[in-house]
Amino acid sequence: MVSQHGLRLAAGLITSHFGDLVGKVCECLLRRGTLSLHEIIRFTELSSSQVKNCLLVLIQHSCVQAFSVPRPVASGAEIRTLTQYMALFDNILHRLRFSKFLSIVQADLGLQCRNLLEGLLQHGRLTFEQLAEREASSKGFEGSTSSQHTLRAEFDRLVHAHYVERCPRPEPFISPPEEDKLTSTKRRGAKAVNLSVEELAMIGAALPVIERFSAIGSTEEEEEEESKTSGHNSFTVGDKRKHEALIDKETQAVIVESGVLWRVNFEKFVYCLKKKACAANVRSRYGLDAGIVLEAMVESNTSKGNKNSVQSSIENIIEAVRGKPGGIGMTMEHVRVVLEKLGSSISSKESGVLYEIDLKAIIKICQTEEVEALVLKKYGEVAHRIFRFLAKQGVVQETDHISDVTLIEKKTTQGILLKLWKDEFLEMKKAIAQGSGTTQHFLWRVNWDELCVHILDDMYHAALNLSQKIAHILEQEQEALQDKAKRQRLQKGRLILESSLLKLDDALMLFHDF
């Protein structure tokens with residue numbers, strides 16, 4: 001469940017990017033959940049055409065998913081469908097990270113791929129033909145056949161790397177489970193997985209992986225084959241069939257270019273940023289070599305289904321390590337030592353011996369360090385020592401024991417514990433001991449799950465304040481067009497705030513996306 005600050009942040013992002021009307025419709029969906037068109041019109045008090053246009057914008061930018069459900073009708077009557085709309089909170093929040101996505105692609109695939117990705121980020125779902133037209137107009141010339149082939153090849157690289165994907169089904173039909181099937185399942189005692197309508201809609205909209213990342217393809221080889229036979233004055237029957245097949249493939253390529261919609265694959269970018277965060281953490285704890293080995297292991301990962309761990313053979317790891325700057329001189333024995341430091345486990349399979357590293361454990365360390373840094377900054381070194389002790393223990397600790405272990409005076413310890421408890425960093429329980437008299441003891445512990453929810457809400461609140469301040473400065477810049485000195489001062493302040501928002505988003509992703 002997303003907090004109110006998170007919902008306000010998402011609604012604010014849409015408002016700043018697309019205007020008040022689109023922001024109002026999006027906020028309605030975020031706060032009230034899945035709604036039909038008539039319900040959105042009633043709650044927002046906008047006209048039907050305004051709501052439809054706003055929904056089209058939100059769907060275009062993958063911020064809303066539509067799906068159909070059966071409309072309740074009298075028994076025996078023809079079944080009708082009702083279209084409903086749900087806001088995609090995670091996709092909306094990803095709009096904070098567009099600059100990071102562009103940097104990843106430019107570093108991996110180059111400037112041309114970055115420009116193609118920028119078109120999809122800026123305009124939402126597009127066909128390849130629309131992307132090619134955008135590139136041609138931005139460079140001030142009409143796309144020639146050679147430039148079209150070059151763009152297609154670069155675009156295929158984006159698809160093969162899974163940075164870009166085909167759009168999901170626009171409006172999947174979600175039928176309710178049949179009662180007799182549910183009854184038989186209960187009788188057998190099977191464990192039924194209860195999925196919400198929204199989760200079923202996302203599953204129904206998703207394309208198979210092969211179709212999702214099926215590239216446009218190229219007909220260059222067929223064209224070369226055709227040029228070899230074009231010198232003959234007559235066709236044999238086989239040549240004629242090949243020629244017809246070539247025309248069919250060319251026609252299919254044109255259909256794909258002009259008819260298939262593409263969008264950015266946010267899932268891939270989140271995984272890249274997760275890899276970057278894990279590598280930065282192990283680099284700070286174990287040195288540069290540890291970061292190189294972990295990055296190499298992620299790149300040579302053979303466990304495609306599990307995003308919380310990576311596994312690879314030592315041969316593949318070595319090959320990936322030596323392809324990186326600083327990794328060419330690393331021996332196999334040194335790589336094994338680094339893998340041991342990273343806490344890797346070894347398993348034997350048909351393909352050979354595989355090393356496995358738990359990324360989730362590294363993310364947990366990142367989260368812990370982030371919270372400890374926050375406690376240190378907000379409450380000081382003594383409070384940081386107490387909190388760190390409780391976080392490591394993971395179970396309830398009595399006040400006197402905390403004071404003795406941390407070597408902090410009992411009165412000071414009590415005051416800090418109470419302050420941390422009031423700010424929801426700690427959980428407190430009372431225990432009564434019966435003896436010669438009744439003694440009351442206070443027990444303290446870090447409830448990690450609840451603390452993460454609290455920290456995430458604080459981050460949403462901080463990000464909301466920063467984004468609102470940035471929007472206010474942008475308005476001031478528009479008003480100060482004639483005052484160059486004031487405009488430059490405002491721009492400088494805005495850049496500092498935008499940099500702070502990007503750093504805050506790095507921490508936010510640790511608790512929400514990773």
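Among the residues of segment 295-336, those identified as surrounded by fewer than 13 Cβ atoms within 10 Å (Cβ to Cβ) and more than 30 Å from the chain's Cα centre (by Cα) are GLU315, ILE328, GLY329, THR331, MET332, GLU333. Which residue out of GLU409, GLU370, GLU381, GLU398 is touching a residue at least 60 places away in the same chain (Cβ under 8 Å) and either open to solvent by 20 Å² or more (accessible area, probe 1.4 Å) or touching a Gly at 6+ places or on another chain (Cβ under 6 Å) (or both)? The conditions single out GLU370.
Going through MET459, MET428 one at a time, which residue ends up being farther than 18 Å from GLY380 by Cβ, touching a helix residue (DSSP H, G or I) at 6+ places or on another chain (Cβ under 9 Å) and assigned by TED's automatic domain parsing to the domain that holds ALA391? Steps first, please.
Details: MET459 fails: assigned by TED's automatic domain parsing to the domain that holds ALA391.
Result: MET428 is the single residue among MET459, MET428 that is farther than 18 Å from GLY380 by Cβ, touching a helix residue (DSSP H, G or I) at 6+ places or on another chain (Cβ under 9 Å) and assigned by TED's automatic domain parsing to the domain that holds ALA391.
Within segment 475-514, restricting attention to residues that are under 23 Å from the mean Cα position of the chain (by Cα) and not in a helix (DSSP H, G or I), the residue that is nearest to HIS5 (Cα to Cα) is ASP513.
Look at ALA373 and say whether it is over 30 Å from the mean Cα position of the chain (by Cα), aliphatic (A, V, I, L, M) and modelled with pLDDT of 90 or more. Give the derivation first.
Values: over 30 Å from the mean Cα position of the chain (by Cα): no; aliphatic (A, V, I, L, M): yes; modelled with pLDDT of 90 or more: yes.
The answer is no for ALA373.
What number of residues in segment 1-38 are among the small types (Gly, Ala, Ser), in contact (Cβ under 8 Å) with a residue 24 or more places away in the chain and open to solvent by less than 40 Å² (accessible area, probe 1.4 Å)? If you could, list the steps in order and put the result at the bottom.
First, the residues of segment 1-38 that are among the small types (Gly, Ala, Ser): 3, 6, 10-12, 16, 19, 23, 33, 36.
Filter once more, so that each one left must be in contact (Cβ under 8 Å) with a residue 24 or more places away in the chain: 3, 6, 10, 12, 16, 33, 36.
Filter once more, keeping what is open to solvent by less than 40 Å² (accessible area, probe 1.4 Å): 3, 6, 10, 12, 33, 36.
Result for segment 1-38: 6.
Here THR439 passes the criteria (1) of a type in the set (Ser, Thr, Tyr); (2) surrounded by fewer than 13 Cβ atoms within 10 Å (Cβ to Cβ); (3) within 28 Å of the chain's Cα centre (by Cα) except the one numbered (3). Only one entry of ILE41, ILE79 meets the criterion of being surrounded by fewer than 17 Cβ atoms within 10 Å (Cβ to Cβ) and of a type in the set (Val, Ile, Thr), and that entry is ILE79.
Candidates ASP483, ASP506: the one that is of a type in the set (D, E, K, R) and touching a residue at least 12 places away in the same chain (Cβ under 8 Å) is ASP506.
With of a type in the set (Ser, Thr, Tyr), assigned to a helix (DSSP H, G or I) and either modelled with pLDDT under 90 or in contact with a Lys or Arg (Cβ under 6 Å, 6 or more places away or on another chain) (or both) as the only criterion, which of SER467, SER403 stands out? Before you say what the answer is, go through the steps one by one.
Numbers: SER467 fails: either modelled with pLDDT under 90 or in contact with a Lys or Arg (Cβ under 6 Å, 6 or more places away or on another chain) (or both).
Being of a type in the set (Ser, Thr, Tyr), assigned to a helix (DSSP H, G or I) and either modelled with pLDDT under 90 or in contact with a Lys or Arg (Cβ under 6 Å, 6 or more places away or on another chain) (or both) holds for just one of SER467, SER403, which is SER403.
Residue-level analysis places PHE425 among those that are within 30 Å of LEU497 (Cβ to Cβ) and assigned to a loop (DSSP other than H, G, I, E, B).
Scanning segment 340-349 for any residue that is among the β-branched types (Val, Ile, Thr) and either over 30 Å from ASP90 (Cβ atoms) or without any contact (Cβ under 8 Å) to a residue 60 or more places away in the chain (or both) turns up at least one such residue. Looking for something surrounded by 12 or more Cβ atoms within 10 Å (Cβ to Cβ) and not in a strand (DSSP E or B) - is there at least one such residue anywhere in segment 351-360? Yes; the residues of segment 351-360 include at least one that is surrounded by 12 or more Cβ atoms within 10 Å (Cβ to Cβ) and not in a strand (DSSP E or B).
Within segment 459-474, being in contact (Cβ under 8 Å) with a residue 24 or more places away in the chain and under 27 Å from the mean Cα position of the chain (by Cα) holds for MET459, TYR460, HIS461, ALA462, ALA463, LEU464, LEU466, SER467, GLN468, LYS469, ILE470, ALA471.
Name the residue, out of ARG169, ARG152, that is over 24 Å from the mean Cα position of the chain (by Cα) and at pLDDT 85 or above. Give the derivation first.
Details: ARG169 fails: over 24 Å from the mean Cα position of the chain (by Cα).
Sole residue among the options that is over 24 Å from the mean Cα position of the chain (by Cα) and at pLDDT 85 or above: ARG152.
The values are calculated or read from the model by the stated rules, or taken from the named source; none is laboratory data. As the structure is a computational prediction, the values presented were derived from the model and not from experiment. Note that each Cβ is placed from the backbone with ideal geometry, even for glycine, and that neighbours are counted across all protein chains shown. Quick note on the areas: whole protein, heavy atoms, side chains included, nothing else; ligands and nucleic acids left out. Shrake-Rupley method; radii C 1.70, N 1.55, O 1.52, S 1.80 Å.
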